[in-house]
Amino acid sequence: MPDPVSSRQRRALRLGLHFIRPYRRQVVLALLALVVTAAITLSMGQGIRLLVDQGFMTRSPHLLNQSIGLFMLLVLALAVGTFSRFYLVSWIGERCVADIRRAVFEHLIDLHPGFFEDNRSSEIQSRLTTDTTLLQSVIGSSLSLFLRNALMVIGGVVLLFITNPKLTSIVVLALPLVLAPILLFGRRVRSLSRQSQDRIADVGSYVAETFGQIKTVQAYNHQERDRTLFAETVEAAFDVARRRIFQRAWLITLVIVLVLGAVAVMLWVGGMDVMAGRISGGELAAFVFYSLIVGSAFGTLSEVIGELQRAAGAAERIAELLAARSDILPPDQDATSTIIRARGRIELQGLRFAYPSRPTIAALDNLTLTVEPGQTLALVGPSGAGKSTLFDLLLRFYDPQQGRILLDGQAVTGLEPTVLRRQFALVAQNPALFRDTVEANIRYGRPDATQAQVEAAARSAHADTFIKELPQGYQTLLGEGGIGLSGGQRQRLAIARALLVDAPILLLDEATSALDAQSEHLIQQALPGLMAGRTTLVIAHRLATVQHADRIAVIDQGRLVAVGTHRELLERSPLYARLASLQFAST
């Protein structure tokens, strides 16, 4: 049975290779600079040997000048190589992380809405920012350090053998003692690193959720409780980080003690050999230099491995996002859409749908209904009857478990989602406005619209007057979610956006339910122009707003219980008659 951890690691490794592969040329140049700088650093040991044996010991100024000149050339070459290595590796890190962020965003934006209901948006945001920043640090720095120090260890050991095999055996004997804790603690660090990233995401999620609902938090005086809960979340993140740091600290400590302990033993043996005349002082100096390089490289490796383990955890989390698949699949490439602009005939045939989080509760149950082109159909019924769910299915945010939806006689599953959604304009109860200009929000569904078309849509939606009163008119920046505008103003902007899209089918979801009388009056004036010549489906709790609809469908517990005009339903539908009596009796 395959090890799931190693499987995740392989997926993380493939992720890194996939994004690095397009920049092979830069990688080759960076590796070349890496090898050159490592070779120059190692060759300095021979420079030290020459400096001691031919410069200091011979007492010859000429030989000393030659040795110093050679040493300075090596230093200059090392500086140039280090600049090239640092620039190239950092460039690769930044470039790859930018590509990863783009790829994750482009992948996520096409996933079905159900994915975002099952996964917190703040958690996804953490993966796109915190995890990718960690990857940038690793690809642009830690990976380079790892490769450089690995080369230094290998090259240093080879040169140690060339310089003095006897002394090298002391260092080599210590290597298994160093590798053992790296392998042992490395596994623990990797697991704790993944947990640490998850806990950091929890912190970000709590902050986003609390501040996103700050009015509710303060209205219910929930600040003290939130302080306590946030402190617990932060402490949980700190506890995992503390355990991860403790494991890494132990790893580094063991490596230092074992490596430098071996160097101390080697120095004692080498010192005895110099005193006995078996090796020269220059050879011992070179050997000490290589030993310190190998020891410091091993110490750096132990630290960098911890960073690489953290990066592996981050890469796993990003790979999970990229591996997510949408439940809404486009049709086969062979299937060709015959719809460019729909006439607007909608057929619902035996629809049954239950949300994935509540698979045993049917939101729609055997619902069959037909809407003719240009017709206005109102959907009424108690809250939770399935009216908004029907809009979700029409826009194909979900697919029904049974039955099918036809648009102009063609199954919506046979249409590209983009082609299908182009046939609809949605005006929601709480319209989504974005942190951008008024003009950009109106133009949201039709970016190529001219300024004149934007203003014409705003006038038709009775929004032009209040827009011109804003500080910068159409160029006024809106706050997140349109904060600062009234409910009626936001709704009129949403209607202007729907008018500009000019889709053949209009979906109105409680478009006036939360408005004051004046705002509702203005919206009601705007709606006839929006609905003219379009198939319109209206969800409404206020029956007074849909009395003049061509037909009214009464839905209860996901089932269609009656269809007819206002007068017909008052006589034939007890549920509709009860709703009407409650509402009209209270007015």
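The values are calculated or read from the model by the stated rules, or taken from the named source; none is laboratory data. Note that the coordinates shown come from a computational prediction; the quantities given were computed from them, not determined experimentally. For neighbour counting, all protein chains shown are included, and Cβ atoms are generated from backbone atoms with ideal geometry for every residue, glycine included.
For the stretch 420-438, the tally of residues that are in contact (Cβ under 8 Å) with a residue 40 or more places away in the chain, surrounded by 16 or more Cβ atoms within 10 Å (Cβ to Cβ) and out of contact with any strand residue (DSSP E or B) (no Cβ under 8 Å at 6 or more places or on another chain) stands at 4. Evaluation of residue 557 against the conditions (1) at positive phi; (2) modelled with pLDDT under 85; (3) not hydroxyl-bearing (Ser, Thr, Tyr) shows that the sole unmet condition is (2).
Across the stretch 116-136, the qualifying residues are those that are crowded, with 18+ Cβ neighbours inside 10 Å and more than 18 Å from residue 206 (Cβ to Cβ), and the one among them that is nearest to the chain's Cα centre (by Cα) is 132. Does residue 138 satisfy the condition of being closer than 30 Å to residue 284 by Cβ, assigned to a helix (DSSP H, G or I) and either aromatic (Phe, Trp, Tyr) or in contact (Cβ under 8 Å) with a residue 40 or more places away in the chain (or both)? The answer is no for residue 138. In the set 144, 122, 126, 84, only one residue is assigned to a helix (DSSP H, G or I), among the polar types (S, T, N, Q) and modelled with pLDDT of 85 or more; that residue is 84. So for the stretch 381-396 (the condition being free of Cβ contacts under 8 Å to residues at least 24 places away in the same chain and touching a strand residue (DSSP E or B) at 6+ places or on another chain (Cβ under 7 Å)), does at least one residue qualify? For the stretch 381-396, residues free of Cβ contacts under 8 Å to residues at least 24 places away in the same chain and touching a strand residue (DSSP E or B) at 6+ places or on another chain (Cβ under 7 Å): absent.
Residues that are surrounded by 16 or more Cβ atoms within 10 Å (Cβ to Cβ) and either in contact (Cβ under 8 Å) with a residue 24 or more places away in the chain or among the aliphatic types (A, V, I, L, M) (or both) within the stretch 447-459 comprise 449, 453, 454, 456, 457, 458, listed in sequence order.
Restricting attention to the stretch 305-324, does a residue exist that is part of a loop (DSSP other than H, G, I, E, B) and at pLDDT below 85?
yes
So which residues in the stretch 71-111 are polar (S, T, N, Q) and either more than 24 Å from the chain's Cα centre (by Cα) or closer than 24 Å to residue 323 by Cβ (or both), if there are any at all?
Step one: filter the stretch 71-111 for residues polar (S, T, N, Q), giving 82, 84, 90.
Of everything in the stretch 71-111, those that are polar (S, T, N, Q) and either more than 24 Å from the chain's Cα centre (by Cα) or closer than 24 Å to residue 323 by Cβ (or both) turn out to be 82, 84.
When 405, 346, 339 are checked against the criterion of being farther than 26 Å from residue 119 by Cβ, free of Cβ contacts under 8 Å to residues at least 60 places away in the same chain and touching a helix residue (DSSP H, G or I) at 6+ places or on another chain (Cβ under 8 Å), a single residue qualifies: 405.
Tell me yes or no: at least one residue of the stretch 460-473 is buried (at least 16 other Cβ atoms within 10 Å of the Cβ), under 34 Å from the mean Cα position of the chain (by Cα), outside any helix (DSSP H, G or I) and hydrophobic (A, V, I, L, M, F, W, C).
No, the conditions are met nowhere in the stretch 460-473.
Can you name the residue in the stretch 204-228 that is at pLDDT 80 or above and touching a helix residue (DSSP H, G or I) at 6+ places or on another chain (Cβ under 7 Å) and, of all such residues, is farthest from residue 130 (Cα to Cα)? First the steps, then the outcome.
Initially, the stretch 204-228 is screened for residues at pLDDT 80 or above, giving 223-228.
Still in the running and touching a helix residue (DSSP H, G or I) at 6+ places or on another chain (Cβ under 7 Å): 223, 226.
Working: 223: 27, 226: 23 Å.
In this case the residue turns out to be 223.
Just one of 432, 452, 457, 425 is at pLDDT 90 or above and under 25 Å from residue 492 (Cα atoms); which is it?
Values: 432 fails: at pLDDT 90 or above; 457 fails: at pLDDT 90 or above; 425 fails: at pLDDT 90 or above.
Result of the check over 432, 452, 457, 425: 452.
Is it the case that some residue within the stretch 487-494 is in contact (Cβ under 8 Å) with a residue 40 or more places away in the chain, out of contact with any Phe, Trp or Tyr (no Cβ under 9 Å at 6 or more places or on another chain), outside any helix (DSSP H, G or I) and under 30 Å from residue 345 (Cα atoms)? No.
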